[in-house]
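The values are calculated or read from the model by the stated rules, or taken from the named source; none is laboratory data. Please read all numbers here as calculations on a predicted model, not as lab measurements. No Cβ is skipped: glycine too gets one built from the backbone with ideal geometry, and neighbour counts run over all protein chains shown. When the accessible area is computed, the model is the full protein with side chains, heavy atoms only, and any ligands, DNA or RNA have been set aside. Shrake-Rupley method; radii C 1.70, N 1.55, O 1.52, S 1.80 Å.
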Amino acid sequence: MWWLLTLILVSLNLADYLLTATLMRFAGVEVESNPLARHVCENLGMSGMFIFKVSVVALVVTIMQVVKTRRPVTAWGMQLGFCGLMMAVVTYNTYL
């Protein structure tokens with residue numbers, strides 16, 4: 001179940017990137033609300049933003065894996081919380 005939630009989290013982040021890229025490219029909408037990601041996107045383009053988002057997801061998954069070895073209940077809460085947060089972001093981007 002842990003790896004399924006991790007896969008869902010990674011998939012939701014990929015969907016967030018694709019929806020954001022689509023909105024920025026075709027609708028001309030400035031939708032990146034994360035100031036750091038916006039800065040990366042403005043200076044390095046969409047490929048830079050993709051690398052940034054993949055790096056952040058890899059860092060979060062690594063941290064959750066480390067927490068899981070010491071505090072499994074906390075790690076499950078983190079996993080579910082991040083999945084819920086990303087589901088809200090993807091839902092909002094879909095609405096836009």
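Tell me whether the stretch 22-38 contains one or more residues that are in a helix (DSSP H, G or I), within 29 Å of T69 (Cβ to Cβ) and at pLDDT 85 or above.
yes
Of the residues L44, L36, only one is under 30 Å from W76 (Cα atoms) and open to solvent by 20 Å² or more (accessible area, probe 1.4 Å); which?
Within the list L44, L36, the selection yields L36.
Limited to the stretch 49-61, what total is found for residues that are open to solvent by less than 80 Å² (accessible area, probe 1.4 Å) and farther than 13 Å from T20 by Cβ?
Residues in the stretch 49-61 being open to solvent by less than 80 Å² (accessible area, probe 1.4 Å) and farther than 13 Å from T20 by Cβ: 7 in total.
Given the structure, is K68 of a type in the set (K, R), open to solvent by 40 Å² or more (accessible area, probe 1.4 Å), in a helix (DSSP H, G or I) and touching a residue at least 40 places away in the same chain (Cβ under 8 Å)?
Taking the combined requirement at face value, the residue satisfies it.
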